[in-house]
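Just so you know, all these numbers are worked out from the coordinates, no wet-lab data involved. Quick caveat, the model's predicted, so the values are computed rather than measured. Positions of Cβ are generated from backbone atoms using ideal geometry, with glycine treated the same way; all protein chains shown enter the neighbour counts.
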């Protein structure tokens with residue numbers, strides 16, 4: 001599709017696919033496990049949706065985003081680790097905005113904030129979860145308080 | 001609870017419980033099956049809710065409504081037919097309004113409509129699904145059309 | 001795709017896309033707000049699906065349908081109003097059946113019913129919600145009763 | 001239950017119930033409507049859960065929280081405005097923490113923040129949504145930016 | 001897409017589409033019915049997802065997989081049997097692995113197990129649900145026990 | 001409730017409550033975090049349900065099961081780590097069946113299987129997930145294969 005001209009520094013990726021399987025006969029324990037396996041194998045994202053399937057079966061729609069080159073690898077994992085006998089996928093276009101990482105000083109030390117940039121402006125500031133979590137556990141403060149501290153100091 | 005005085009012909013049932021199990025390691029095929037087993041055994045209602053459980057497991061919350069006297073029977077089915085190692089339940093109060101059955105004449109014949117009565121007035125008219133379905137299949141008309149025909153003829 | 005020849009008056013639209021973002025760090029308050037912003041900006045439809053994301057995060061899949069020409073505008077809204085750092089989309093084909101608007105006379109006045117036409121036949125009759133709602137509020141009758149009144153008078 | 005001694009200024013309410021109905025034959029349009037009717041009638045909260053019901057029906061579990069004295073009123077609304085022929089409910093205990101309202105000065109004016117107080121400490125600060133929304137619309141800024149501005153100025 | 005070379009005996013199908021409709025004004029009873037109609041008409045799969053739609057309406061996203069040649073037929077069913085005034089669809093690629101059927105001998109007789117084959121190896125063994133169910137009902141044993149018996153005897 | 005007399009070795013616990021909060025303004029990141037905090041603090045179970053809340057907000061219903069004595073502790077965590085300004089809870093009865101642990105010998109070593117016992121009979125055999133997972137990772141075999149191996153060797 002070429003009816004959309006992107007501004008600078010935005011990356012438009014036309015090599016991505018979304019892969020899907022419907023599962024009505026798998027244990028939730030295995031689904032918790034296979035999400036990690038897929039991420040470790042390089043899937044860009046993996047997520048589950050609750051679905052209603054035939055014969056009153058509560059099922060799960062497993063979706064993942066990956067590069068076209070990874071289709072075979074992702075398929076192998078799904079065949080090995082789930083109960084599916086096949087897969088389906090379709091291409092999609094992904095726009096990834098430029099990102100920047102800044103440090104915010106808090107009473108517990110420095111925390112990284114990931115910023116999304118569009119047309120030279122910051123449109124989103126996301127504190128890095130893992131750093132916030134470690135501080136919350138180390139200093140025995142609520143995770144909520146760590147985020148609140150970051151928000152107080154993020155300039156825009 | 002006695003802060004609520006019911007009008008006539010409404011049945012207030014204080015002998016009901018809601019029973020629940022959380023399931024994170026069961027096949028959807030078995031859940032489709034056990035819903036029928038529970039209904040056949042006399043459960044007043046059985047329904048599933050998608051839930052997020054620990055370790056990234058998509059699970060199912062199975063809930064059923066039954067009479068207190070049926071607790072043991074329902075528990076036996078859940079232990080036999082699901083993966084649970086226990087059950088939980090709590091009492092609740094159920095109000096069942098008086099119901100009436102009337103016949104509505106349509107071009108395909110007579111269809112039963114169940115009516116809910118409160119204080120002598122009809123507050124709900126529900127065409128009987130199974131009768132509508134049989135007519136739809138027999139006369140090869142959309143189920144939607146059968147319901148529309150019933151609605152045209154239901155007086156209130 | 002050209003293996004399907006449409007009957008008359010059906011509009012086949014090949015200029016539509018579905019846009020999606022997965023959100024695991026946004027407030028439900030903002031999601032309630034952005035749905036209105038997207039509709040006001042001309043999105044054909046906007047809807048949310050509950051999804052299971054990594055690290056035990058209950059997330060939301062935001063999906064919208066829009067014309068290809070609107071991709072940039074929708075993207076700007078998503079970047080400004082949600083926590084996403086990118087978007088994804090894929091093209092789809094939309095069939096819109098011809099619609100007709102008829103007036104149905106009820107005891108409370110006239111109510112518009114939108115009808116879907118296919119091959120010269122009415123396949124769906126949908127009472128206009130906003131008109132039914134206003135009547136329900138004005139005459140202090142249940143919305144259900146207003147719809148039932150409309151169904152009694154819709155000819156097919 | 002008296003195995004829990006509350007700290008000061010917390011309100012423990014033992015006069016609340018949760019009321020529920022399962023609905024497998026109702027239009028989503030009516031459910032959107034009845035949520036408002038229930039809130040306008042004084043329900044403390046109203047929310048919907050997607051559920052799997054018998055015969056492959058995707059249903060909705062409607063739940064509401066209300067005072068015992070309101071049981072009859074809520075029941076009347078549910079009978080009038082939904083397709084149910086009965087209701088169920090059970091008592092629960094509600095703890096409401098003391099709340100405080102403070103003003104936060106932003107570049108667009110003053111915004112109210114609701115604070116939850118426990119044991120003399122602020123444990124939660126919630127910007128008032130409606131005020132934030134009005135500012136976002138009036139000044140044509142993203143709602144997200146309004147919240148970020150508030151978080152910068154909230155002291156704890 | 002030709003960046004993926006399949007191993008032998010896997011069937012890659014490029015003639016499939018996914019068709020979708022969003023429904024916010026339909027009865028769950030009709031949705032239970034239309035799932036069967038679509039399957040009987042040859043849909044490869046049909047499933048429902050709970051979605052949040054505008055005006056606080058809990059809706060259902062109906063999705064089906066079918067061959068391109070079936071688009072017209074599926075569309076007719078959706079227009080006739082649901083409340084939609086249009087449909088949407090997009091093409092996708094489906095990989096179906098080779099399948100094999102083996103017999104497993106159990107104390108109650110022979111049960112068919114469907115096996116998925118990839119690169120000459122069995123990657124999945126699925127007991128045939130209907131056969132297991134019939135045995136469970138005939139011999140009055142839990143469905144779970146029938147599956148467990150099959151698993152004990154399936155060689156890999 | 002005493003209309004149900006339990007068989008031997010089943011533990012009936014009348015000191016449990018289910019605690020709930022509805023959350024429409026919290027990040028999924030914090031919900032992933034608080035699930036762990038609650039489990040670490042001794043909650044018997046913690047799970048999330050997607051719910052539709054007012055103003056088109058996709059929300060989360062957080063539910064946990066805990067002992068009455070833990071009400072205060074759980075409440076403190078919810079106030080500190082979520083956005084709620086209060087909690088609600090109700091008592092329930094929990095039946096926990098007797099459990100047994102047996103060792104199953106597989107080609108990769110010994111794996112623990114937890115068995116549920118009722119009336120002297122094994123009604124459920126659940127392979128210990130963490131042990132299966134470690135074997136899968138160590139021997140680079142699909143988790144599915146580990147479970148299949150266990151099922152082959154579990155006697156009943």
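Any idea what the alpha-carbon Rg over 2.2 N^0.38 Å comes to for chain C? Write out the running numbers ahead of the final one.
Numbers: Rg = 19.9 Å, N = 156, 2.2 N^0.38 = 15.0 Å.
Chain C yields a ratio of 1.33.
Report the label-to-label distance for residue E:153 and residue A:110 in nanometres (one decimal), using points 7 Å from each Cα along the Cα→Cβ vector.
6.7
I want to check the label-to-label distance for residue D:102 and residue F:137. Put each point 7 Å from Cα in the C-beta direction and report it in nm to one decimal.
Once both label points are built, they end up 4.4 nm from each other.
In Å, what Rg and Dmax follow from the Cα atoms of the stretch E:52-95?
12.7, 39
Quickly work out the residue C:45-to-residue F:41 label distance, labels modelled 7 Å from Cα along the C-beta direction, and quote it in nm with one decimal.
So the label points at residue F:41 and residue C:45 sit 4.2 nm apart.
Just counting partner chain Cβ atoms within 10 Å, what average do the residues of peptide F:70-83 show around their Cβ?
Counting other chains' Cβ atoms within 10 Å and averaging over F:70-83 gives 5.
Below 8 Å between Cα atoms, with a sequence gap of 6+, how large is the relative contact order for the stretch C:15-74 in percent? Intermediate values should be presented prior to the final figure.
On the way: 85 pairs, mean separation 28.3, N = 60.
So the answer I get is 47 percent.
Along Cα-to-Cβ, 7 Å out, sits the label point; list in nm, shortest first, how far the one on residue A:114 is from those in the other copies.
3.2, 3.4, 3.9, 3.9, 5.1
What's the FRET efficiency of residue D:14 with residue B:121 using the Cβ-Cβ distance as r and R₀ = 35 Å, to the nearest 0.05? Walk me through the intermediate numbers first.
Details: r = 34 Å, r/R0 = 0.98.
For R0 = 35 Å, the calculated efficiency reads 0.55.
How high is the relative contact order of chain C? Use alpha-carbon pairs under 8 Å, at least six apart in sequence, and give a whole percent.
Working: 239 pairs, mean separation 36.9, N = 156.
Here the relative contact order equals 24 percent.
Can you give me the angle between helix B:143-153 and the longest principal axis of chain B, using Cα atoms only, in degrees from 0 to 90, rounded to the nearest 10?
In chain B, helix B:143-153 runs at an angle near 50 degrees to the longest axis.
Shielding by partners for B:127-135, please: the mean number of other protein chain Cβ atoms within 10 Å of each residue's Cβ.
Working: counts 2, 0, 9, 1, 0, 3, 6, 0, 0.
Counting other chains' Cβ atoms within 10 Å and averaging over B:127-135 gives 2.
Sorted by mean Cβ packing within 10 Å, highest first, what order do the peptides D:28-35, E:16-23 take?
Going by the mean number of other Cβ atoms within 10 Å, highest first, we get D:28-35, E:16-23.
With the alpha-carbon atoms as the only input, what is the per residue convex hull volume for the stretch E:26-112 in Å³? If you can, show how the numbers build up before the last one.
On the way: hull volume 14.6 nm³, N = 87.
Hull volume normalised by residue count: 168 Å³.
Find how many whole Å separate the alpha carbon centroid of the stretch F:82-111 from the alpha carbon centroid of the stretch C:3-67.
The distance from the Cα centre of the stretch C:3-67 to that of the stretch F:82-111 comes to 38 Å.
Would you mind getting the Kirkwood hydrodynamic radius of the stretch F:73-134 from its Cα pairs, rounded to one decimal in Å? List each step's numbers first, then the result.
Numbers: mean 1/r = 0.0652 Å⁻¹.
This gives a value of 15.3 Å.
Convex hull over the alpha-carbon atoms of the protein assembly as shown: what's its volume per residue in Å³?
Values: hull volume 164.7 nm³, N = 936.
Spread over its residues, the Cα hull of the protein assembly as shown gives 176 Å³ apiece.
For peptide A:101-110, compute the average count of partner chain beta-carbon atoms within 10 Å of each residue's beta-carbon. Display every interim value, and only then the final one.
Working: counts 0, 0, 0, 0, 0, 0, 0, 0, 0, 0.
Per residue, the number of nearby Cβ atoms from other chains is 0 on average.
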